[in-house]
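Worksheet: one structure, shown below.
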Amino acid sequence: MKIIIAGAGKVGSMLTRWLVSEGHEIILVDRRKEILENCSEEFDILAVQGNCAAVNTLKQTGVEDADVIIAVTGGDEYNLLCCLTAHTLNPDIHTIARIRNPEYADQIYNMQETFASSLAVNPEKDAAREIDKLLKYPGFLRRDTFAKGRAEIVELKVKPGSPMENISLMDLNNILKSKVLVCAINRGGVVFAPSGDFVLQTDDHLFVTGSRDELTKMLKSIGIITRKVKSVMLCGGGKVSYYLAKLLSESGVQVELIEKDYDRCVHLAEVLPDVSVVNGDASNQKFLESEGIQNCDAVVALTSFDEMNMIISLYAKNYGVEQVVTKVDHVENQIIKDAVGLESVVCPKDLCCNHIVRYVRAMENKSGAALSVHTFADGQMEALEFKVDSDTRNIDVPLKDMNLKKGVLVACITRGGNLIIPDGSSSYRVNDGVVIVKSGDVNIGKINDIFA
């Protein structure tokens, strides 16, 4: 497809890299000449310098025959105008705009047709939802949901003294006592699909597929007690904190929000009447102690600085807080989080890119493309959901008789309202849903691409 990306910032560059790798024709637009030259050289794409909301600039991109325009500049109003102008020049184009201001949330939804918006993405709101999900279902470091909630891929860590320690995968089911599948392992930053004789070690990160009920059984079997979070401390008063505090307070969770800027505190107290808003410095350990960090069920570090968030999270871990979630805005800092032992990390930019790429892939759905896509294991693995149709190869063929590409695994099959965790004798049928897990270096656009 021909895709115009307006804005060459971190999200724009990340989207460019991702979509170019999938074979799309990308035209990148930005005012900044130097950044465009770097991107053009790195990705071998067409770059257009100028105002992405201006008719003349958009005409230079060939917007009249483009399939999608993705507006991810720094300004919400700019992104909306860019999409509206593009739609005027090409009524068939799909428009995606990043809109971050909470004040626009309702009107973007209610005036979607007026704004000619196919999709509006809000990284901070997506991050808040992701964190809310982690807090409401404790025990996992990450959760990705498929098949209308019937299937999940979760991340958990082998901790010292865990029943999983020094156990081979072929013997793991005897301990887990649940119908789940380990689809990937991250050991020291290296991610791979393990064989049955692989022996788990302390600090290994497991990525496990199963239904919510079976995954809950698994947690109980390995001694991870999950209890509902009742009190949460949010450090930082930005957009993610606003959205998250709203979600948590509406579900009855006691929320304390700490923000350094007094005027911002006054505003948050007005718009979040059920939240305890405190004016203070969340990077000050003594202040956190005086606010009772040691008594919280969970702490979420949400300041504007990655390094500050990591420090706050380490404070919380030192005080024995059961659940600690860290917001990271710069992808390169995810390497540091592994080094310092942080576990539940959420990156709004990653979530934003995932959301947009899923939409783009869904546009190709007529030809059997993925219904949904999720990256995990620091971007080294990908899970794709497909629907089996009459053109799908190997229908009713046992998995053990299929010649799959190296690095590809059939993680689960959904049939009607049932979830099947497959073994070698399992097969799929027409209208089944199939979740495929693959390593990042394997290119799969359609379900038939899984075969060697």
(request) Scan the range 91-107 residue by residue and report those that are farther than 19 Å from Y359 by Cα and assigned to a loop (DSSP other than H, G, I, E, B). (result) N101
(request) Hey, can you tell me all the residues within the range 1-60 that are among the hydroxyl-bearing types (S, T, Y), farther than 22 Å from I99 by Cβ, out of contact with any strand residue (DSSP E or B) (no Cβ under 6 Å at 6 or more places or on another chain) and surrounded by 15 or more Cβ atoms within 10 Å (Cβ to Cβ)? (result) none
(message) So the check is Cβ under 8 Å with 6+ separation or different chains; which pairs have a first residue in the range 83-102 that's in the same structural domain as E113 (by TED's automatic domain parsing) and in contact (Cβ under 8 Å) with a residue 12 or more places away in the chain and a second one that's aromatic (F, W, Y) and outside any helix (DSSP H, G or I)?
(response) C83/F115; L84/F115; A97/F115
(message) For the condition surrounded by fewer than 20 Cβ atoms within 10 Å (Cβ to Cβ), farther than 18 Å from V180 by Cα and touching a Lys or Arg at 6+ places or on another chain (Cβ under 7 Å), what is the one hit in G379, G416, G407, G445?
(response) G407
(message) Which of the numbered conditions does L342 fail, given that it passes all the others? Conditions: (1) among the aliphatic types (A, V, I, L, M); (2) at pLDDT 65 or above; (3) part of a helix (DSSP H, G or I); (4) out of contact with any His (no Cβ under 8 Å at 6 or more places or on another chain).
(response) (3)
(message) Scan the range 205-221 and tell me whether some residue there is surrounded by 15 or more Cβ atoms within 10 Å (Cβ to Cβ), at pLDDT below 85 and of a type in the set (V, I, T).
(response) yes
(message) What pairs come out if I take residues in the range 148-162 that are under 13 Å from E214 (Cα atoms) and assigned by TED's automatic domain parsing to the domain that holds G210 and pair them with residues that are surrounded by fewer than 18 Cβ atoms within 10 Å (Cβ to Cβ) and among the β-branched types (V, I, T) whose C-beta lies under 8 Å away, six or more apart or interchain?
(response) A151/T145; E152/T145
(message) Could you tell me how many of the residues in the range 61-94 are of a type in the set (D, E), more than 18 Å from M363 (Cα to Cα) and surrounded by 15 or more Cβ atoms within 10 Å (Cβ to Cβ)?
(response) 1
(message) Please go through the range 70-90 and give me each residue that is part of a helix (DSSP H, G or I) and more than 23 Å from the chain's Cα centre (by Cα), ordered by number.
(response) E77, Y78, L80, L81, C82, C83, L84, T85, A86, H87, T88, L89
(request) Considering only the range 1-23, state which residues are in contact with a helix residue (DSSP H, G or I) (Cβ under 6 Å, 6 or more places away or on another chain) and in a loop (DSSP other than H, G, I, E, B). (result) A8
(message) I'm trying to understand the selection: among the residues of the range 119-140, which are over 13 Å from L215 (Cα atoms) and part of a loop (DSSP other than H, G, I, E, B)?
(response) N122
(request) Output the residue which, of all residues in the range 294-310 that are within 19 Å of N279 (Cα to Cα) and of a type in the set (A, V, I, L, M, F, W, C), is farthest from the chain's Cα centre (by Cα). (result) C296
(request) Can you give me the number of residues within the range 165-194 that are farther than 21 Å from Q380 by Cα and out of contact with any Asp or Glu (no Cβ under 8 Å at 6 or more places or on another chain)? (result) 10
(message) All but one of (1) at pLDDT 90 or above; (2) not assigned by TED's automatic domain parsing to the domain that holds P273 hold for E165; state the number of the condition that does not hold.
(response) (1)
(request) Out of K260, K246, report the one residue that is under 24 Å from Q285 (Cα atoms) and outside the structural domain of L419 (by TED's automatic domain parsing). (result) K260
(message) Take residues that are touching a residue at least 24 places away in the same chain (Cβ under 8 Å) and closer than 30 Å to L181 by Cα and tell me which of the strands (runs of 3 or more DSSP E) falling wholly in the range 200-278 contain 3 or more.
(response) 205-210
(request) For the range 24-43, enumerate the residues that are assigned to a loop (DSSP other than H, G, I, E, B) and either touching a helix residue (DSSP H, G or I) at 6+ places or on another chain (Cβ under 8 Å) or polar (S, T, N, Q) (or both). (result) H24
(request) Return the residue satisfying two criteria in turn: it lies in the range 187-197 and is surrounded by 13 or more Cβ atoms within 10 Å (Cβ to Cβ) and over 16 Å from L409 (Cα atoms), and of such residues it is nearest to the chain's Cα centre (by Cα). (result) G189
(message) Quick check on my filter: what residues within the range 130-159 are within 12 Å of V325 (Cβ to Cβ) and touching a strand residue (DSSP E or B) at 6+ places or on another chain (Cβ under 8 Å)?
(response) E130, I131, K133, L134, L135, P138, F140, L141, R142
(message) I'd like the residue in the range 155-186 that is hydroxyl-bearing (S, T, Y) and assigned to a loop (DSSP other than H, G, I, E, B) and, out of all such residues, is surrounded by the most Cβ atoms within 10 Å (Cβ to Cβ).
(response) S178
(request) Sort out which residues of the range 419-437 are over 22 Å from K179 (Cβ atoms) and surrounded by 14 or more Cβ atoms within 10 Å (Cβ to Cβ), and write them in order of number. (result) none
(message) If the requirement is being out of contact with any Lys or Arg (no Cβ under 7 Å at 6 or more places or on another chain), modelled with pLDDT under 85 and at positive phi, which of these qualifies: G188, G236?
(response) G188
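The values are calculated or read from the model by the stated rules, or taken from the named source; none is laboratory data. All values reported here derive from a predicted model rather than from experimental measurement. Cβ: placed from backbone, ideal geometry, glycine included. Neighbour counts: every protein chain shown.
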